[in-house]
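One structure, as structure tokens, below. Some questions next.
The values are calculated or read from the model by the stated rules, or taken from the named source; none is laboratory data. Because the structure is a prediction, the values reported are computed rather than measured. Cβ: placed from backbone, ideal geometry, glycine included. Neighbour counts: every protein chain shown. We work out accessible area using only protein heavy atoms, side chains counted, and drop any ligands, DNA or RNA first. Shrake-Rupley method; radii C 1.70, N 1.55, O 1.52, S 1.80 Å.
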Amino acid sequence: MSYLCVDGGQTKTAISLLDEEGKTIESWREGPLTTPSKPGAADNLRAVIRSACEELGRRLERSGGTSPEAACLSLTGYHEGDDFVPPLVKEEARRVVPNLERIHVVPDYVGNWAAATAGEPAIMVLSGGGAVAYGRDASGHSARSGGWGHLLGDEGSGYWIGLEAIKMVFRAYDGMVPKTSLEAEMMQRFEVAHVRDLMNKAYSGSISEPEIAGLVPVVDALARQGDETSMRIMERAAANLVELAVVLLEQLGELPVFLSGGVWNAAAMDENFRRLLDEAGHNVEVSRGKGEPWEGIFMIAQGGIL
């Protein structure tokens, strides 16, 4: 038996065909997914799923392999309860691969949770381009907090940290916060000579969302060097993520907390989070996530979770 595992993101869609032991039979990439609420998102989703399944068919024909019997698609922007997404995905997948008996369609944070916790009762706090917390208790009850996207939330995410860093350059220029080393770093990174140029570049769309999220290591390094403004940004980011975790701890009980996503590579984030969570009265085990997203998707495809 083989399993089709799809990790659909905003920059790419990674597809793997895995055997029963989780070893890769085939792997490739398709285009990114559009947030479901945006115009054209349904057509985009159909096109990506159709292309992935057609490519699967071509690869199986070349290798002489058999079609997978189960699949899990972990999709960005999809939230549990968004009724139109699972039927659309299943219809499109079965149109090309009719032998798929089981198709699990889950939000990307569920796939990440399964990977981070190995499916055990626990809470995952994910901070990367976005920020969300998700958990399940021993009875199977689940809860989520955050994950509303960078326009409406995602405080504590990589994008939020980067945007705050840029904002603080202007606040320091106006004398509202102390002078900060962030100014020189932003000027150099975005190749501008004055804050007005930085403003123009930001509003023109010349600075992409990934570039903004990519500022986290810069802010972390300056925070560790004692830059007051950078230290404050990292502490506020951690405090926002602690709020997400506390909401779930109060709903699901004192479960272990796993940290997942690239933002946790910043030393200041990990340290601040643990301290602030303890100060909030939750003395629970905090550790880094156990596995990669595809491992969680594979577990769900096998039927070991959900």
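Considering only the range 106-119, how many residues are surrounded by fewer than 22 Cβ atoms within 10 Å (Cβ to Cβ) and modelled with pLDDT of 90 or more?
In the first step, residues of the range 106-119 are kept if they are surrounded by fewer than 22 Cβ atoms within 10 Å (Cβ to Cβ); the result is 118-119.
Those still in the list that are modelled with pLDDT of 90 or more too: none.
Looking only at that region, the number is 0.
Restricting to the range 279-301, give me the number of residues that are in a helix (DSSP H, G or I), surrounded by 17 or more Cβ atoms within 10 Å (Cβ to Cβ) and over 14 Å from the mean Cα position of the chain (by Cα). It would help to see each step written out before you state the result.
From the range 279-301, those in a helix (DSSP H, G or I) are 279, 293-301; that's our starting set.
With the extra rule that they be surrounded by 17 or more Cβ atoms within 10 Å (Cβ to Cβ), the set shrinks to 293-301.
Filter again for over 14 Å from the mean Cα position of the chain (by Cα), leaving 295, 298-301.
So the count comes out to 5.
Tell me yes or no: at least one residue of the range 204-216 is at pLDDT 90 or above, of a type outside the set (Lys, Arg) and in contact with an Asp or Glu (Cβ under 9 Å, 6 or more places away or on another chain).
Checking the range 204-216: at least one residue is at pLDDT 90 or above, of a type outside the set (Lys, Arg) and in contact with an Asp or Glu (Cβ under 9 Å, 6 or more places away or on another chain).
Filter the range 208-233 down to the residues that are open to solvent by 10 Å² or more (accessible area, probe 1.4 Å) and of a type in the set (Val, Ile, Thr) and list them by number.
The answer is Ile212, Val216, Val218.
Among all residue pairs at least 6 apart or on different chains, which show Cβ distances below 9 Å where the first residue, located in the range 264-287, is in contact (Cβ under 8 Å) with a residue 60 or more places away in the chain and the second is among the β-branched types (Val, Ile, Thr) and part of a strand (DSSP E or B)?
Once the first residue is in contact (Cβ under 8 Å) with a residue 60 or more places away in the chain and sits in the range 264-287, its partners that are among the β-branched types (Val, Ile, Thr) and part of a strand (DSSP E or B) give Trp264/Val125; Phe273/Val125; Phe273/Val257; Phe273/Val286.
Could I ask something else about it? Here is a check on your reading of the model: is Pro98 modelled with pLDDT under 80 and either of a type in the set (Val, Ile, Thr) or under 27 Å from Ser208 (Cβ atoms) (or both)?
Judged against the criteria, Pro98 is not a match.
Determine which single condition Asp137 fails, assuming it passes every other condition in (1) at pLDDT 90 or above; (2) farther than 24 Å from Val216 by Cβ; (3) surrounded by 22 or more Cβ atoms within 10 Å (Cβ to Cβ).
If we test Asp137 against (1) at pLDDT 90 or above; (2) farther than 24 Å from Val216 by Cβ; (3) surrounded by 22 or more Cβ atoms within 10 Å (Cβ to Cβ), just (3) comes out false.
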